[in-house]
1. Of all the accessible heavy-atom surface of segment A:2-81, with the other protein chains kept in place and a 1.4 Å probe, what percent is carbon and sulfur?
2. Kirkwood hydrodynamic radius, the protein assembly as shown, all distinct C-alpha pairs: what's the number in Å?
3. Just to confirm my numbers, what's the Cα centroid distance between segment B:15-85 and segment A:1-52 in Å?
4. How many square angstrom of accessible surface are buried between B and A, both sides summed, with a 1.4 Å probe and rounding to 100?
5. If I take every Cα pair under 8 Å that is 6 or more residues apart in chain A, average their sequence separation and divide by the length, what percent do I get for the relative contact order?
6. One decimal, nm, shortest first: give the distances between the label point of B:E73 and those of the same position in the other copies, each label point 7 Å from Cα along Cα→Cβ.
7. Using Cα atoms only, what is the angle between the long axis of helix B:52-62 and the major principal axis of chain B, expressed in degrees (0 to 90) to the nearest 10?
8. Consider all pairwise Cα distances in segment A:1-76 and report the whole-number % of them above 14 Å.
There are 2 protein chains.
Amino acid sequence: MFKAEITVTLRPSILDPQGKAAQHALGELGFDSVRQVRIGKVIALDIEADTADEAERIAKDAADKLLANPVMEDFDVVIHEHTSA
Amino acid sequence: MFKAEITVTLRPSILDPQGKAAQHALGELGFDSVRQVRIGKVIALDIEADTADEAERIAKDAADKLLANPVMEDFDVVIHEHTSA
């Protein structure tokens, strides 16, 4: 069993209103040194696979087909081996 | 300038309906080897600070006070130095 961590972030050219709202709220709380806020998703998958390469292939395929929007988002996959099966 | 990456995840005891929905959708697409899906947030902050320690303190404070819900979520902070100021 492997754990895949897929980080999905908005492309730099895409506006992030949720991040802007968080930045504004931080400013109201006195966090003046925070210059930019961008909010993305982190998706943790438990994958039944024989090898880390196979788990990575499955995770990338899942991100391509469902979990990320290729027009607006980039994604990155990291595979960890599960100690407990 | 530092970049802080705050990863906010639901505590293991908290149900994740969004993750369950994604897992179900992956099953419909034939991803039978995906056993569990948990969805969290990744928040990237650009922080004006003199040292990495100060940037980390600000990022943790922002997560505590606004960006994470301490009852339902855990968070983790990683600081990177910005090459371009």
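The values are calculated or read from the model by the stated rules, or taken from the named source; none is laboratory data. Fair warning: this is a prediction, and the values are worked out from it, not measured in the lab. With ideal geometry, Cβ positions are generated from the backbone for all residues, glycine too; neighbour counts draw on all protein chains shown. Accessible surface areas use protein heavy atoms only, side chains included; no ligands, DNA or RNA. Shrake-Rupley method; radii C 1.70, N 1.55, O 1.52, S 1.80 Å.
1. 50 percent
2. Computed over the protein assembly as shown, the radius equals 17.0 Å.
3. About 6 Å separates the Cα centre of segment B:15-85 from the one of segment A:1-52.
4. Chains B and A together bury roughly 2500 Å² of accessible area.
5. 51 percent
6. 1.6
7. 50 degrees
8. That tail contains 66 percent of the Cα-Cα pairs.
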